[in-house]
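A short worksheet on the structure shown next.
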Amino acid sequence: MVEIAASVAPSARRLTVRSGRTPRVRILVVGTGGVGSAFAGIARRRTFFEHCALADYDPVRPEELVATLDDGRFSAHTVDASSRETVASLIRETRADAVLNAVDPLFNEPIFDACYEAGVTYLDMAMTLSEPHAERPFSETGIKLGDYQFERADAWAAKEQLALVGIGIEPGAADVFARYAADHLFSEIDEIGVRDGANLVVEGYDFAPTFSIWTTIEECLNPPVIWEKERGWYTTEPFSEPEVFDFPEGIGPVECVNVEHEEVLLVPRWVDCNRVTFKYGLGDEFIEVLKTLHKLGLDSKERLRVKGVEVAPRDVVAAALPNPATLGGRMSGKTCAGTLVSGLGTDGAPRRTYLYHVVDNEWSMREYGAQAVVWQTAINPAVALELLASGSWEGAGVLGPEAFDPLPFLDLLREYGAPHGVLDLPA
């Protein structure tokens, strides 16, 4: 049996708040792409924060976003997310209590370290990057997602400082669902399997990913990780173990395959179970495109010199494709993120339950002007920050979402107008 330390358990540590009858925090958002912009639109309707600084390497993006928000609590800033010193300086300049990392995980390390240096709360929606095992990439893990952060958990705890990692939709809400199932629905859990699928269609494009292609390549072409209690973490071939899962609310059956994802690295640290997996409904066309990019070397992050300019092939692919944040008006359909749990229910009988969250693109565009995938990701750090500001969630160290009581999160998610669903399936 493999024993896993849960990093540092939640303690009495609260997010620093300003004085006043209603706790309010000052937030710095690094990155104003699709998710960062959607977060701002969601947070604008809430009162838990005093000020929110929006920062990007492109000064135009946060300036245009602030103008659109038309709310004096927001300000626009320029930042180089690759520079720990620059991020730390902006934290001090904006007097932030908490930093939301909303850029590609390539920049996680300097932002994470800047927050530690500045003594503020850190949140991200994707953990630090992995590196495959040099000799056995499809059977053994090398550097795992989040290893850089968890290796520093004791230092964060010693400062009574919180890094809440993986608090998007997946990872994020999916992890909260796992903890809720363990606490309230099951007496014993065999497998926790995150299953993600959609029936989204983008008109006018032969190929248009609805989320960052940079991150999608990283997730889908790296060796997927699986966790088993008796074996620990291990890897398989990309796109392995295909299965058809019937997603709710009209999405229907979608073939899902193993993909590297943070939930597999997070859930076993706090939830007792026998196995954890993550499977993504990509579709044959998407998988073939990713395989072709890999064959041509266009998934590489290593820079090449092209006509006197150094550029990474993956960055070229990302630049050539449409910005996912701009696709909402051309999209139709729904996206579903959820956690499939199997084992014994609280009555001792076999149980198989899917806890999920669905967003209809027509609704998210009408209500928030944000496409479904980025909106669904962005709502979760907003909920988490409000819980931290109120003291409903408290902790120190490097913690995942499943380290906290799931009920306040699910209650507040419902208050935000985005309740989760629970579907019992044949056991």
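If you average 1/r over all unlike Cα pairs in the stretch 25-69 and invert the result, what Kirkwood radius do you get in angstrom?
Values: mean 1/r = 0.0952 Å⁻¹.
Evaluated over the stretch 25-69, this radius sits at 10.5 Å.
Restricting to DSSP H runs of at least four residues, report the calculated mean residue ellipticity at 222 nm for the chain, -39500 (n - 2.57) per run over all residues, nearest 500 deg cm²/dmol. Spell out each step's value before the answer.
Values: 14 runs with 134 residues, N = 427.
After summing the helix terms and dividing by residue count, I get -9000 deg cm²/dmol.
With a/c under 1.5 counting as rounded, go ahead and sort the stretch 189-331 into rounded, prolate or oblate using the C-alpha gyration tensor (a ≥ b ≥ c being the square roots of the eigenvalues; past the cut-off, prolate if a/b is larger than b/c, else oblate). Present the calculation step by step, with values, prior to reporting the outcome.
On the way: a/c = 2.38, a/b = 1.39, b/c = 1.71.
It is oblate, given that a/c is not under 1.5 and a/b is not larger than b/c.
Report, in cubic angstrom per residue, the convex hull volume of the C-alpha atoms of the stretch 50-139. Walk me through the numbers on the way to the answer.
On the way: hull volume 10.6 nm³, N = 90.
Taking only Cα atoms, the stretch 50-139 has a hull volume of 118 Å³ per residue.
Assuming a ≥ b ≥ c are the square roots of the Cα gyration tensor eigenvalues, decide whether the stretch 184-252 counts as rounded (a/c under 1.5), prolate (otherwise, with a/b larger than b/c) or oblate.
Values: a/c = 2.78, a/b = 1.42, b/c = 1.96.
Cα axes put the stretch 184-252 in the oblate bin.
Divide the volume of the convex hull of the Cα atoms of the stretch 101-237 by its number of residues and quote the answer in cubic angstrom per residue.
Value for the stretch 101-237: 164 Å³ per residue.
Gap in Å between the Cα centre of the stretch 29-54 and the Cα centre of the stretch 87-113?
14
Measuring from label point to label point, each 7 Å out along Cα→Cβ, what is the residue 85 to residue 286 span in nm?
In this crude spin-label approximation the distance works out to 4.1 nm.
Multiplying the sequence separation of residue 67 and residue 360 by 0.36 nm and subtracting their Cα-Cα distance, what value in nm do you get? Before the final figure, lay out the partial values.
On the way: separation 293, 0.36 × 293 = 105.48 nm, distance 2.67 nm.
Difference between extended and current length: 102.8 nm.
Could you tell me which of rounded, prolate or oblate describes the stretch 357-427, using a ≥ b ≥ c as the square roots of the eigenvalues of the alpha-carbon gyration tensor, with rounded for a/c under 1.5 and, failing that, prolate when a/b is larger than b/c and oblate otherwise? Working shown, then result.
On the way: a/c = 2.17, a/b = 1.32, b/c = 1.65.
Cα axes put the stretch 357-427 in the oblate bin.
First measure r as the distance between the Cβ atoms of residue 45 and residue 422, then evaluate 1/(1 + (r/R0)^6) with R0 = 22 Å and state the FRET efficiency to the nearest 0.05. List each step's numbers first, then the result.
Working: r = 26 Å, r/R0 = 1.18.
Approximately 0.25, to the nearest 0.05.
With label points built 7 Å along Cα→Cβ from the Cα atoms of residue 367 and residue 207, find their separation and express it in nm.
3.4
Could you grab the relative contact order for the chain? Cα pairs under 8 Å, six or more apart, rounded to a whole percent.
Values: 960 pairs, mean separation 95.7, N = 427.
22 percent.
Determine, from the Cβ-Cβ distance of residue 315 and residue 140 and an R0 of 30 Å, the FRET efficiency 1/(1 + (r/R0)^6), rounded to the nearest 0.05.
Values: r = 29 Å, r/R0 = 0.98.
That pair, residue 315 with residue 140, gives E of 0.55.
For the chain, give me the percentage of DSSP beta bridges that are antiparallel, rounded to the nearest 5 percent.
On the way: 47 of 78 bridges.
Expressed as a percentage, antiparallel bridges in the chain total about 60.
Could you sort the peptides 389-401, 49-61 by per-residue average Cβ neighbour count (10 Å cutoff), highest mean leading? If you can, show how the numbers build up before the last one.
Details: 389-401: 23.5, 49-61: 20.2.
Peptide ranking by packing, descending: 389-401, 49-61.
Could you let me know the centre-to-centre spacing of the stretch 187-201 and the stretch 260-335, using Cα atoms, in angstrom?
For the stretch 187-201 versus the stretch 260-335, the Cα centre distance is 19 Å.
Expected output is a single nm value to one decimal: the length gained when fully extending between residue 131 and residue 303, i.e. 0.36 nm times separation in residues minus the C-alpha distance. What is it? Kindly include the intermediate steps, with their values, before the conclusion.
Details: separation 172, 0.36 × 172 = 61.92 nm, distance 1.72 nm.
Between residue 131 and residue 303, full extension yields an extra 60.2 nm.
Could you calculate the FRET efficiency of residue 75 with residue 347 from 1/(1 + (r/R0)^6), where r is the beta carbon distance between them and R0 is 45 Å, rounded to 0.05?
Values: r = 53 Å, r/R0 = 1.19.
Once the sixth-power term is evaluated, E becomes 0.25.
Values in this text are rule-based calculations from the coordinates and carry no lab data. Not measured: the values here are computed from a predicted model. When we count neighbours, we look across all protein chains shown, and the Cβ atoms used for this are built from the backbone with ideal geometry, even at glycine.
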